[in-house]
Protein chains: 2
Amino acid sequence: VSWVPVPPDAPFGTAELPYGVFRVGDERPRIGVAVADRILDLAGLARAAGFDADVVEATSLNPFLALGPDAWAESRAILTSLLSEESAQDVVQPHLVPAATAVMSMPFEVADYVDFYASEHHARRVGEILRPGTPPLTPNWKHLPIGYHGRAGSVVVSGTEVTRPRGLRGGPGEEPLFGPTTKLDFEAELGWVVGAGSEGPVAVAAFESHVFGVVLLNDWSARDIQAYEYVPLGPFLGKSFATSISAWVVPLAALEEAATAPPVQDPPLAPYLQGPSVGYDLELSVELNGFRISRCPYASMYYTPAQLVAHTTVNGATLRTGDLLGSGTVSGQDPDQAGSLIELTRDARELLTVADQRRGYLEDGDEVVLRASAHGLRLGEVRGRICPSPAFSGS
Amino acid sequence: VSWVPVPPDAPFGTAELPYGVFRVGDERPRIGVAVADRILDLAGLARAAGFDADVVEATSLNPFLALGPDAWAESRAILTSLLSEESAQDVVQPHLVPAATAVMSMPFEVADYVDFYASEHHARRVGEILRPGTPPLTPNWKHLPIGYHGRAGSVVVSGTEVTRPRGLRGGPGEEPLFGPTTKLDFEAELGWVVGAGSEGPVAVAAFESHVFGVVLLNDWSARDIQAYEYVPLGPFLGKSFATSISAWVVPLAALEEAATAPPVQDPPLAPYLQGPSVGYDLELSVELNGFRISRCPYASMYYTPAQLVAHTTVNGATLRTGDLLGSGTVSGQDPDQAGSLIELTRDARELLTVADQRRGYLEDGDEVVLRASAHGLRLGEVRGRICPSPAFSGS
């Protein structure tokens, strides 16, 4: 129990203690921890206490992330203590900044960004919509978590506007058209953030030695550009224009109460994907222009985050501080639990009613907000508004 | 004409003036320029001349690359002058280090790594081998340069050993086996190195405002892992274990004499891929254990490097300093001009004679060296030896 009051509409409670990079006015960005509707200015607090504040005065979380799990646990224990003991209030209070006055930056520098396809419900539904009459899951789907590398340089923080991308679009084999996408979509995901790197394969059981925490992630997708380009080497320009993440990274330690058994995995997986690992009973919600259009159960994801990490590294690839692993679209079994418009509208063939409008894919001016919560925990939000494509000019 | 003598077996002449990061013994790595069989220690020279040496005392080329094209041209003009004027010899000579005594590091920090598939001969031949009876080129191939993101954290400098990767392998739809790849291959490529970033789309004509130079690139590939995983989201673990690049980055300015018209591009491309751009008349050579097994003509590449950059950014994605764009395997029309073993051996069905051995894919202990040259220019080398997979253990 903390002495910090939690207003009902506060973005966080006092148990999550997520880390982010904030500034107020023209100040230099620095590290903070969100507590209810405040930000605890770690740099200010450390400086006042006479501690070496290099790590928290950094403009990204990377130096803190690189310290590893013992330091993460110690930091969390100190914060929990300071925020629960009444005697610490006088010392801490001056360093609590109203969150509403802060401007948030990218919380960390992304090293490599990998995106997965780990929801069976999503994979099946997309397969049925795009390839009717063929088996919706490819034969490899239940043997490994399918993933691909995305563009790290296009990962942006919540609130950044997303410009409608241009490209060649059309169905496979069609004569392509060049222009702004007409099938702009979101994908509701979680993103797992690597803190401590690895020298080689990471066992499923070693997940918490390497992964620090989780962000909300919107893997914006241009379905018509993706459809034209993706055979044979996978998505490229249909995804690489923008990926939005939440400004706050929630530590794994905060998710313990949400841990749950993953779905039964049958057929049995290769040994490197076995071992103790958990799913998370979190619910993502999707709002379009202020109206909730979906609630997506993360507990239904077929592959666990620990399996995504084990798979990424089984070939000897290392992890680096700042690696980001997207879960893939989180979709539940029911059609209204889908985490993308291609599913919710069946590729714009069944329009969605949003307030008094009938809607297919995203229109200019639309704003999408993803949130997640579970067991009283709040995981923050990732927000993005669509801007029109500017007149085309290369420079 | 330079006063530096060029032995016949020197890795470079005096006209290329490539940049790299070197150290001698326990010294700190710093920036150098290769001249014949020497390295000009730019940090030492700048310090001796009383210049601010921050950029050349860096342990990567990124700060120099970020300076942009005017600074690159100025640096090259100064070096050319110093190395040609006899009067400069006394000043420069003390800062020429024998290249044989230096240890090379990664020349730059890779931001995003994109790999393309821009050789029509390669794409056709691989299509014929892997998908006999179907059209070898996918319908989109002549409308856009097909590319995908690779793993930036797995890019290593020439000389780094490459460990045979493990993974699930097999044909699409087959029951997969887990273990070390039995189809380990190289891909002979060039890699285009971005110096100055962009805020959005880069026109074909603006290539030289953003791209600093070129490296040799070996896109190591595990064909059986790739075959099993790549439908529907493209290559992942079959590529992400290692990508080797040369230690020296040759500036575009050195390649002017090798510039050549690209092949006729028919059907006509979308406007964003049009505009003045050149191919390069360079020949890559592939050596396996000291025996040349292929010579690959870069001039036959269907898409130009400027088109690869324009394509990567047309959707609004930005360029960052350190972005690396692989050309895709460089393969000529003749079967012995192929830049990969899958082509040269038709997926190990037609073994290659190397010295007195019959060879399919790469074996443990094999060493692959790629070199490139043209019009008297030398582009250096990228070298890698295969180590066996260690006993499997995650950590």
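Worth a mention:
- Chain B holds its axis-closest Cβ, relative to the rotation onto A, at the residue and whole-Å distance B:234, 1.
- Sorted largest first, the principal axis extents computed over the alpha-carbon atoms of the range A:121-193 equal 39, 37, 18 Å.
- Sorted largest first, the spans of the alpha carbon positions of the range A:157-263 along the three principal axes are 50, 32, 30 Å.
- Across peptide A:326-334, the mean count of Cβ atoms from other chains lying within 10 Å of each residue's own Cβ comes to 0.
- For chain B, a simple Cβ point-charge model (Lys and Arg +1, Asp and Glu -1, everything else neutral) yields a dipole of about 860 debye relative to the Cα centre.
- Choice from B:69, B:262, B:271 showing the highest fluctuation, given a GNM over chain B with Cα pairs closer than 10 Å: B:271
- Of the chymotrypsin sites (Phe, Trp or Tyr not before Pro) found in the range A:25-124, those in coil by DSSP whose Cβ has at most 16 other Cβ atoms within 10 Å are A:51.
- Unit charges at the beta carbon, dipole of the range B:319-395: most positive-side option, B:377, B:360, B:333: B:377
- Peptide A:136-143, shielding by other chains (average Cβ, 10 Å cutoff): 5
- In the range A:216-304, chymotrypsin sites (Phe, Trp or Tyr not before Pro) in a DSSP loop with at most 16 other beta-carbon atoms within 10 Å: none
- The protein assembly as shown - Rg (one decimal) and Dmax (whole number), Cα, Å: 26.6, 81
- Global form of the range B:303-363, assessed from the alpha-carbon gyration tensor, a/c cut-off 1.5: prolate
- Interface burial in the range B:192-224 reaches 20 Å² or more for B:201, B:203, comparing the full protein assembly with the chain by itself; accessible area from heavy atoms with a 1.4 Å probe.
- Cut-off 13 Å between beta-carbons: net charge of the residues surrounding residue A:260, Lys and Arg +1, Asp and Glu -1: -4
- Expressed as a whole percent, the accessible surface of the range B:279-333 that belongs to carbon and sulfur atoms is 42, based on a 1.4 Å probe.
- The protein assembly as shown: Lys pairs at Cα distance under 22 angstrom, eight or more positions apart or on different chains: 5
- Annotation: Cα Rg of the range B:202-280 relative to the compact-globule expectation 2.2 N^0.38 Å equals 1.46.
- Between identical copies, the spacing of residue A:76 label points, each set 7 Å from Cα toward the C-beta atom, reads 5.2 nm from nearest to farthest.
- Unit charges on C-beta of K, R, D, E only; dipole of the range B:285-394, Debye: 260 debye
- Over the Cα atoms of chain A, the radius of gyration divided by the Kirkwood radius equals 0.97; this is the Rg/Rh ratio.
- Taking max minus min of the alpha-carbon positions on each principal axis, the range B:220-349 gives extents of 42, 36, 35 Å, largest first.
- Compared with its chain on its own, the range B:306-324 contains the following residues whose accessible area drops by 20 Å² or more in the full protein assembly (probe 1.4 Å; ligands, DNA and RNA excluded): B:311, B:312, B:314, B:315, B:317, B:318, B:320.
- Shown for the range A:146-164: residues covered by the partner protein chains by 30 Å² or more of accessible area relative to the chain by itself (probe radius 1.4 Å), namely A:146, A:147, A:148, A:149, A:151, A:153.
- To put it simply, the accessible area of the range A:50-193 at a 1.4 Å probe is 56 percent carbon and sulfur.
- Among A:375, A:149, A:311, residue whose mean-square fluctuation peaks in a GNM of chain A (springs only between Cα atoms under 10 Å): A:375
- Structural descriptor for chain A: relative contact order 21 percent, calculated from alpha carbon pairs under 8 angstrom and at least 6 residues apart.
- Part-to-part distance (alpha-carbon centres) for the range B:158-187 and the range B:1-76, which is given in Å: 38 Å
- Among B:202-208, A:137-143, the order from most to least packed when residues are scored by Cβ within 10 Å on average: B:202-208, A:137-143
- Across the identical copies, the 7 Å label point of residue A:257, projected outward along Cα→Cβ, sits 7.3 nm from its counterparts, in ascending order.
- Rounded is the label for the range B:1-115, because the ratio a/c of its alpha-carbon gyration tensor axes (a ≥ b ≥ c) stays below 1.5.
- Other protein chain Cβ atoms within 10 Å, averaged over every residue that makes up A:108-119: 3
- Shown here for the range B:112-185: GluC sites (Glu not before Pro) in loop regions (DSSP other than H, G, I, E, B) with at most 16 other Cβ atoms within 10 Å, namely B:161, B:174.
- A 1.4 Å probe run over the protein assembly as shown, with the rest of the protein chains in place, finds 37 Å² accessible per residue.
- On association of chains A and B, roughly 5200 Å² of accessible area becomes buried (total for both chains; probe 1.4 Å).
- Under a model in which nothing but the beta-carbon of Lys, Arg (+1) and Asp, Glu (-1) is charged, the protein assembly as shown shows a dipole of about 1200 debye around its Cα centre.
- Label geometry 7 Å along the beta-carbon vector: residue B:389 inter-copy distances in nm: 4.5
- Helical mean residue ellipticity (222 nm; -39500 (n - 2.57) per DSSP H run of 4+; nearest 500) of the protein assembly as shown: -4500 deg cm²/dmol
The values are calculated or read from the model by the stated rules, or taken from the named source; none is laboratory data. All values derive from a computational prediction rather than experimental measurement. Please note: Cβ atoms are built from the backbone with ideal geometry, for glycine as well, and neighbour counts cover all protein chains shown. With ligands, DNA and RNA removed, areas are computed over all heavy atoms of the protein, side chains included. Shrake-Rupley method; radii C 1.70, N 1.55, O 1.52, S 1.80 Å.
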